[in-house]
Amino acid sequence: ASKTSLDRASTEEIEQRLLSQSCCTLPTHEVAWNVGVSEPEVVLLNVYDLTRLRCVEAYNRLVLPLAGSGAFHVGIEVFRNEYQFGFRSEGTGVTKNKPREDSGHHFRGSIILGRTKLGKEEVEATLRELAKEWRG
């Protein structure tokens with residue numbers, strides 16, 4: 001089998017494993033990013049505790065399995081970048097960061113949202129337009 005078909009198979013296995021698990025546990029998994037250029041890109045929802053305070057982390061550990069809720073912050077990961085919508089006193093509230101490395105929040109896990117057929121440039125252009133509207 002070719003490298004591309006092996007990469008595609010491993011990506012599909014990872015997606016199936018993520019989709020088969022309860023969304024309440026928010027597992028962390030590696031995603032095979034070396035999918036061929038013509039393949040749709042995986043889009044992840046990266047979930048964080050709302051703050052790095054241990055009391056919030058403890059609250060979320062307790063409440064999430066019982067009620068399916070908690071105090072969370074999220075970012076969208078696509079093309080090895082994470083985009084977040086948040087508050088800023090000036091300018092846009094849209095930020096671009098390294099995936100799963102938000103210094104203000106404790107990373108909890110990722111959920112596969114699906115795939116985008118947009119190219120990297122199209123995704124970035126769309127986010128620039130959204131950034132004009134999302135005035136932190």
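Structural remarks
- Total residues in segment 70-86 satisfying the condition of being open to solvent by 50 Å² or more (accessible area, probe 1.4 Å) and either out of contact with any Ser or Thr (no Cβ under 9 Å at 6 or more places or on another chain) or closer than 11 Å to Pro99 by Cα (or both): the figure is 4.
- If you go through segment 52-93 and pick out every residue that is farther than 28 Å from Glu129 by Cβ and under 15 Å from the mean Cα position of the chain (by Cα), you end up with 0.
- Test result for Val35, of a type in the set (Val, Ile, Thr), open to solvent by less than 50 Å² (accessible area, probe 1.4 Å) and at pLDDT 95 or above: no
- Residue ID - nearest to Leu118 (Cα to Cα), chosen from residues in segment 43-55 that are open to solvent by 20 Å² or more (accessible area, probe 1.4 Å) and touching a residue at least 12 places away in the same chain (Cβ under 8 Å): Val43
- Condition broken by Ala58, with the remaining ones in (1) at pLDDT 90 or above; (2) touching a strand residue (DSSP E or B) at 6+ places or on another chain (Cβ under 7 Å); (3) over 25 Å from Leu127 (Cβ atoms); (4) open to solvent by less than 50 Å² (accessible area, probe 1.4 Å) satisfied: (2)
- Pairs meeting the criteria (first residue in segment 117-136 and under 14 Å from Asn81 (Cα atoms), second residue in a loop (DSSP other than H, G, I, E, B), beta carbons under 6 Å, at least 6 apart or on different chains) are Lys120/Phe79.
- Qualifying residues in segment 94-104 (those that are buried (at least 17 other Cβ atoms within 10 Å of the Cβ) and closer than 18 Å to Trp134 by Cβ) - the one nearest to the chain's Cα centre (by Cα): Asp102
The values are calculated or read from the model by the stated rules, or taken from the named source; none is laboratory data. The structure presented is a predicted model; accordingly, all values stated were derived computationally and were not measured. Positions of Cβ are generated from backbone atoms using ideal geometry, with glycine treated the same way; all protein chains shown enter the neighbour counts. SASA here: full protein model, heavy atoms, side chains in, ligands and nucleic acids out. Shrake-Rupley method; radii C 1.70, N 1.55, O 1.52, S 1.80 Å.
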